[in-house]
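Student: First the structure, which I've put down as structure tokens, then a few questions once you've had a look.
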Amino acid sequence: MSSRTDNWKRELQVGAVVRRSPGVTRWARDIWKPVAVILGAPEAFWKELVREGEVVDYHAGTVAMELFRADVESYLVSLNMTVPSVWVILDRDESHRSPSGWFVSTITASAFEAQEALDSGESIVEAVPIPESLAAWIDEFIQMHYIEEPFKKRRRDKHRVDGIQDGKGDVRIPQQSDVFRAPAHIKKPRVH
């Protein structure tokens, strides 16, 4: 039987399906959006899968999706979304070989990693519904490594309220005047 320290990492080849749709403005001729993932997909580079009019689905690429023991909490976030999802991240294709100008750089189950890529503003980041078999594979890894830490309420230091006060701003001590009033002895210079 394996212990929690064994198998700290797991990986699986996953392909990304990216849909090309006609753009809605003259500045964006096409819209490229990840829509699905394929488990155990073979290597591919923008292989056309389905064409319906002007909408085309491509198997854009296959990458290794990695799970790490340290990230199990972020995998839980992805699995507990309204629609359990994995994240497909597309980055700019500097080689200009891709028909879209993008390439599949990462497929991740980590919502936190996806948020970091989204914050950069350099990538297309899209959540796609997770197939049940992939969800089970991720959940097995989470169950193997996740340790829920119990909530510990922080205790405040006890402050003594019966001590001597200097009276400045304390409403319990009678004041000769309003301590929050602006000082009258400081005069503003006159503007002529």
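The values are calculated or read from the model by the stated rules, or taken from the named source; none is laboratory data. Not measured: the values here are computed from a predicted model. As a convention, Cβ positions derive from the backbone with ideal geometry for all residues, glycine included, and neighbour counts pool all protein chains shown.
Student: Quick check on my filter: what residues within segment 1-21 are over 21 Å from the mean Cα position of the chain (by Cα) and modelled with pLDDT of 90 or more?
Tutor: Listed by number, the residues that qualify are Gln13, Arg19, Arg20, Ser21.
Student: State whether the residues of segment 51-58 include one that is among the hydroxyl-bearing types (Ser, Thr, Tyr) and loosely packed, with under 14 Cβ neighbours inside 10 Å.
Tutor: No, that holds for no residue.
Student: Looking at Phe112, Phe141 in this structure, which one is on the phi < 0 side of the Ramachandran plot and either assigned to a loop (DSSP other than H, G, I, E, B) or surrounded by 17 or more Cβ atoms within 10 Å (Cβ to Cβ) (or both)?
Tutor: Phe141
Student: Please name all residue pairs, on different chains or six or more residues apart, with Cβ atoms under 6 Å, provided the first residue is in segment 113-134 and is over 19 Å from Arg19 (Cα atoms) and the second residue is of a type in the set (Phe, Trp, Tyr) and in a strand (DSSP E or B).
Tutor: Every condition considered, the pairs that remain are Ala114/Trp87.
Student: Picking from Pro42, Pro34, which residue would you name as being touching a residue at least 12 places away in the same chain (Cβ under 8 Å), in contact with an Asp or Glu (Cβ under 7 Å, 6 or more places away or on another chain) and of a type outside the set (A, V, I, L, M)?
Tutor: Result of the check over Pro42, Pro34: Pro34.
Student: In addition: It is to be established whether one or more residues within segment 86-93 are of a type in the set (Phe, Trp, Tyr), touching a strand residue (DSSP E or B) at 6+ places or on another chain (Cβ under 6 Å) and more than 11 Å from Ile138 (Cβ to Cβ).
Tutor: Among the residues of segment 86-93, at least one is of a type in the set (Phe, Trp, Tyr), touching a strand residue (DSSP E or B) at 6+ places or on another chain (Cβ under 6 Å) and more than 11 Å from Ile138 (Cβ to Cβ), which makes the answer yes.
Student: Without any contact (Cβ under 8 Å) to a residue 40 or more places away in the chain, surrounded by 11 or more Cβ atoms within 10 Å (Cβ to Cβ) and in a loop (DSSP other than H, G, I, E, B) - does that describe any residue in segment 7-14?
Tutor: No, the conditions are met nowhere in segment 7-14.
Student: So, one more: State whether one or more residues within segment 70-89 are out of contact with any Gly (no Cβ under 7 Å at 6 or more places or on another chain), surrounded by fewer than 19 Cβ atoms within 10 Å (Cβ to Cβ), without any contact (Cβ under 8 Å) to a residue 12 or more places away in the chain and among the acidic types (Asp, Glu).
Tutor: There is no residue in segment 70-89 that is out of contact with any Gly (no Cβ under 7 Å at 6 or more places or on another chain), surrounded by fewer than 19 Cβ atoms within 10 Å (Cβ to Cβ), without any contact (Cβ under 8 Å) to a residue 12 or more places away in the chain and among the acidic types (Asp, Glu).
Student: Additional query: For segment 85-109, name all the residues that are part of a loop (DSSP other than H, G, I, E, B) and either at pLDDT 90 or above or in contact with an Asp or Glu (Cβ under 8 Å, 6 or more places away or on another chain) (or both). Reasoning before the result, please.
Tutor: Within segment 85-109, the subset part of a loop (DSSP other than H, G, I, E, B) is 93-101, 109.
Residues satisfying the conditions are Ser100, Gly101, Ala109.
Student: Hey, does segment 34-43 have a residue that's part of a loop (DSSP other than H, G, I, E, B), under 21 Å from Ser98 (Cα atoms) and touching a Gly at 6+ places or on another chain (Cβ under 6 Å)?
Tutor: yes
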